[in-house]
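To start, the structure under review is shown below, and the notes come after it.
The values are calculated or read from the model by the stated rules, or taken from the named source; none is laboratory data. This is a predicted model, so every value here is computed, not measured. Positions of Cβ are generated from backbone atoms using ideal geometry, with glycine treated the same way; all protein chains shown enter the neighbour counts. In case anyone asks, the SASA skips ligands and DNA or RNA and just uses the protein heavy atoms, side chains included. Shrake-Rupley method; radii C 1.70, N 1.55, O 1.52, S 1.80 Å.
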Amino acid sequence: MSKTIDWTAIRADFPILDQEVRGKPLIYFDNAASSQKPRAVIDAVSRYYERDNANVHRGLHELSSRATDAYEGARTKVAAYLGAASAEEIVFTRGTTEGINLVAQTWGAKFVREGDVILLTEMEHHSNLVPWQMLAERTGARLRFVPVTEDGTLALERLGEWLTPEVKIFAFTHISNSLGTINPVADLCRAARAVGAVTLIDAAQSAGHLPVDVREIGCDFLVFSGHKMCAPTGIGALYGRAELLDAMPPWHGGGEMIVSVSYERSTYKKAPYKFEAGTPNIGGAVGLGAAVDYLEAIGRAAIFEHDLALTQHALAGLSALPGVHVQGPRDRRGGLVGFTMDAAHPHDLTTYADQHGLALRGGHHCNQPLMKKLRLPGTTRASFYFYNTTAEVDRMLAILADAVRFFA
Ligand code: PMP
């Protein structure tokens with residue numbers, strides 16, 4: 001990495017971090033659930049509402065055309081951010097969950113039949129599991145899962161046992177939100193293509209954390225949520241290869257997605273508009289565009305290295321605490337650490353941390369089947385982002401060392 005980054009100055013871009021919680025300086029380590037927002041994003045959204053707000057696409061007046069430019073400009077930024085071939089391959093959604101439901105309901109309804117296999121992994125978030133269960137129930141397709149091994153990685157040397165020609169779609173997470181595992185997504189897409197399966201990547205934990213290029217990866221669909229990468233809640237995107245989006249029927253019907261309507265029937269716009277019925281989240285898209293600009297200015301490779309350094313520091317410290325067990329792989333992993341403490345249930349430990357101004361997350365992290373398989377009641381998770389510091393990790397380790405004695 002060539003450029004020197006002033007991480008302290010970057011941290012100062014996040015007004016929310018400068019506060020005390022329960023009389024202690026806030027340490028925000030719940031970034032995998034939702035990240036904080038820099039001033040640049042907050043200001044972009046305020047500016048939009050203060051100066052440009054109107055409905056998009058239909059209006060023949062100045063504000064409407066500014067709002068349309070802002071909304072479509074954000075789409076172009078997201079396309080570039082993901083390395084998509086064109087902005088038409090980007091559908092705005094409410095987030096990861098909605099993106100997966102869109103694919104399961106439209107692509108799935110058209111292309112999945114009884115007896116087909118939907119291949120997932122054992123480490124999927126509920127949002128990359130439940131929509132496929134619903135599709136399987138409706139169509140008679142079968143679900144199959146690539147197992148997670150003891151070290152928290154996928155059993156890839158045996159992938160061929162599950163990735164067979166009956167597989168219609170292989171949907172998997174890029175980074176596990178509870179184990180931190182980084183899956184080799186390009187390899188998985190290559191293997192899927194070899195058996196004629198379509199791929200969907202859940203990039204909820206990766207899109208804001210490391211370089212993601214859909215054409216380099218070779219995926220068919222990829223979904224993410226803006227709120228985990230500095231943007232507002234309620235906005236995210238689905239990337240879909242043009243050919244696939246064109247072949248898919250719309251899902252929500254209404255304004256914005258039609259070309260013409262009669263009482264009996266309607267004709268629809270092309271992708272991505274046929275998937276965006278009704279007034280979209282324009283302010284959210286503006287915020288997402290600003291977040292993309294902000295992250296690009298720092299650089300995702302630098303963000304990844306920063307977060308990895310914090311994670312390795314946390315891993316070393318946690319492993320030295322008696323009765324604390326870290327989950328997931330040791331070396332190559334995303335910026336989060338899930339762990340258990342023999343003496344305390346994850347909920348109790350997380351509540352204890354909160355008393356010290358330390359925001360962790362305790363529970364199953366929307367990974368109930370995985371927790372069951374690992375025979376865990378849940379974990380406590382610390383998840384980092386580029387505005388966090390080594391000093392904060394040290395403070396967390398001191399709080400957890402006190403917790404070991406407190407709960408003993
Ligand atoms: N997948 C993964 C891996 C996640 O971590 C999350 C958020 N916890 C989701 C999907 C769901 O994201 P959202 O709630 O923003 O739709």
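Of these, K110, K24, K3, which one is more than 19 Å from V286 (Cα to Cα) and touching a Pro at 6+ places or on another chain (Cβ under 7 Å)?
K110
Of the residues G140, G160, only one is open to solvent by 50 Å² or more (accessible area, probe 1.4 Å) and out of contact with any Ser or Thr (no Cβ under 8 Å at 6 or more places or on another chain); which? I'd like the intermediate steps shown before the answer.
Values: G140 fails: open to solvent by 50 Å² or more (accessible area, probe 1.4 Å).
Being open to solvent by 50 Å² or more (accessible area, probe 1.4 Å) and out of contact with any Ser or Thr (no Cβ under 8 Å at 6 or more places or on another chain) holds for just one of G140, G160, which is G160.
Yes/no matrix, rows are residues, columns are (1) outside the structural domain of T350 (by TED's automatic domain parsing); (2) hydrophobic (A, V, I, L, M, F, W, C); (3) closer than 30 Å to T380 by Cβ:
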| position | (1), (2), (3) |
| --- | --- |
| Q19 | no, no, yes |
| R51 | yes, no, no |
| L60 | yes, yes, no |
| D69 | yes, no, no |
| A80 | yes, yes, no |
| T106 | yes, no, no |
| E122 | yes, no, yes |
| H125 | yes, no, yes |
| N128 | yes, no, yes |
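Scan the stretch 47-60 for residues that are open to solvent by less than 100 Å² (accessible area, probe 1.4 Å) and either closer than 15 Å to P15 by Cα or part of a loop (DSSP other than H, G, I, E, B) (or both) and report the count. Quick ask: steps written out before the conclusion?
Narrowing the stretch 47-60 to residues open to solvent by less than 100 Å² (accessible area, probe 1.4 Å): 48, 52-57, 59.
Then drop every residue that is not either closer than 15 Å to P15 by Cα or part of a loop (DSSP other than H, G, I, E, B) (or both), which leaves 53-57, 59.
The qualifying residues number 6.
Could you please let me know if T106 is under 14 Å from G240 (Cβ atoms), assigned to a helix (DSSP H, G or I) and out of contact with any helix residue (DSSP H, G or I) (no Cβ under 7 Å at 6 or more places or on another chain)?
Values: under 14 Å from G240 (Cβ atoms): yes; assigned to a helix (DSSP H, G or I): yes; out of contact with any helix residue (DSSP H, G or I) (no Cβ under 7 Å at 6 or more places or on another chain): yes.
Judged against the criteria, T106 is a match.
Which residue is surrounded by the most Cβ atoms within 10 Å (Cβ to Cβ), if the candidates are limited to the stretch 177-226 and must be touching a Leu at 6+ places or on another chain (Cβ under 8 Å) and hydroxyl-bearing (S, T, Y)?
Looking at residues that are touching a Leu at 6+ places or on another chain (Cβ under 8 Å) and hydroxyl-bearing (S, T, Y), I get S178.
Would you mind finding the one in G357, G328 that is surrounded by 16 or more Cβ atoms within 10 Å (Cβ to Cβ), touching a Pro at 6+ places or on another chain (Cβ under 7 Å) and not assigned by TED's automatic domain parsing to the domain that holds T149?
On the way: G328 fails: touching a Pro at 6+ places or on another chain (Cβ under 7 Å).
The unique qualifying residue is G357.
Which of the following residues is more than 16 Å from the ligand (Cβ to nearest atom), of a type outside the set (S, T, N, Q), open to solvent by 30 Å² or more (accessible area, probe 1.4 Å) and not in a helix (DSSP H, G or I): E114, E72?
On the way: E72 fails: not in a helix (DSSP H, G or I).
Every option except E114 fails the conditions.
When you check A109 against the structure, is it touching a residue at least 60 places away in the same chain (Cβ under 8 Å), surrounded by fewer than 19 Cβ atoms within 10 Å (Cβ to Cβ) and either in contact with a His (Cβ under 9 Å, 6 or more places away or on another chain) or acidic (D, E) (or both), yes or no?
Numbers: touching a residue at least 60 places away in the same chain (Cβ under 8 Å): yes; surrounded by fewer than 19 Cβ atoms within 10 Å (Cβ to Cβ): yes; either in contact with a His (Cβ under 9 Å, 6 or more places away or on another chain) or acidic (D, E) (or both): no.
For A109, the condition - touching a residue at least 60 places away in the same chain (Cβ under 8 Å), surrounded by fewer than 19 Cβ atoms within 10 Å (Cβ to Cβ) and either in contact with a His (Cβ under 9 Å, 6 or more places away or on another chain) or acidic (D, E) (or both) - is not met.
Which ones in the stretch 120-135 are within 11 Å of the ligand (Cβ to nearest atom) and part of a loop (DSSP other than H, G, I, E, B)?
Scanning the stretch 120-135 gives M123, E124, H125, L129.
Just one of (1) assigned to a loop (DSSP other than H, G, I, E, B); (2) open to solvent by less than 50 Å² (accessible area, probe 1.4 Å) trips up L308, so point out which.
Failed condition: (1).
So in the stretch 29-44, with the set limited to residues that are of a type outside the set (D, E), open to solvent by 30 Å² or more (accessible area, probe 1.4 Å) and not in a loop (DSSP other than H, G, I, E, B), which one is nearest to the ligand (Cβ to nearest atom)?
Among those residues, the one meeting the criterion is I42.
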